[in-house]
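Colleague: Below is the structure I would like to discuss, written out as structure tokens.
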Amino acid sequence: MNSANSRARFRGRLRVAALAGLVAIASTTGNSAAQVNSSAQQIADHFSSVRTMTGEFVQFGPRGEQTAGTFAIARPGKIRFDYEPPAAFKVVSDGSHVLLNNRKLRTYETYPLSKTPLKMLLDDRIDLSNGKVEAVREDDDLTTIVLADKSIFGNSKLTMMFDPKTFELRQWTITDAQGKDTTVMIFNVKDGVAVNPDMFKIDYRKAAEAATRGLGNGR
């Protein structure tokens, strides 16, 4: 099955699952906070044990816009998204900073990884203690965990959805401080694969040059 057919097959089904999960999300009733956190931590520990991951993604923006492409993760701290045309975006984290690169406009914006929701997703171990778990919902087809940590990403939230049987990550949603959602659904995922470390490098020289031209923040 080629990439276009894969996306056509998964897009509708996954989007329905995402919307259903986000609409229904609520704190699990009848369970103590310790039980909820224990269940969520078990899933998070399994996900943390996956050191590398590659696959394809479909992203739904806050206005319903859809983009697609490929991604790679190398724990801790490294991720790369390459968007397919006509989108001209690349997102890279090198473990220290996150680069947002618009290749068409030649803009380079960098942000400290520690101040973005990706930090928790990419940690060496995802620690859900100290009240980070805001809600957990366990359904037959998805287990949904909502995380909030003001020290990491202010008023934003990270919602992760996992397969309840395999504990494999299916998608995540970042809700910004204005309540706008960006959802990333992943498929054709391969775990434990070899990835080239060079793909996570950020050219800080280009970012600095873009900043001098007013095309980036240069941080």
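Every number in this text was worked out from the coordinates using simple rules, so none of it is lab data. Note that this is a predicted model, so its numbers are computed, not measured. Virtual Cβ from ideal backbone geometry, glycine too; neighbours counted across all protein chains shown.
Colleague: Stretched out fully, how many nm does the piece from Leu105 to Gln178 gain, at 0.36 nm a residue minus the Cα gap? Let's see the in-between values first.
Modeller: Numbers: separation 73, 0.36 × 73 = 26.28 nm, distance 2.61 nm.
Stretched out fully, the Leu105 to Gln178 stretch lengthens by 23.7 nm.
Colleague: Using the 10 angstrom Cβ neighbour count as an exposure proxy, how do Phe187, Phe162 rank, fewest first? Show your work: numbers first, answer last.
Modeller: On the way: Phe187 18, Phe162 22.
With the fewest neighbours first, Phe187, Phe162 line up as Phe187, Phe162.
Colleague: Can you list the lysines whose alpha carbon sits under 28 Å from that of Lys104, skipping same-chain ones fewer than 8 residues off?
Modeller: Partners found: Lys78, Lys90, Lys115, Lys119, Lys180, Lys201, Lys206.
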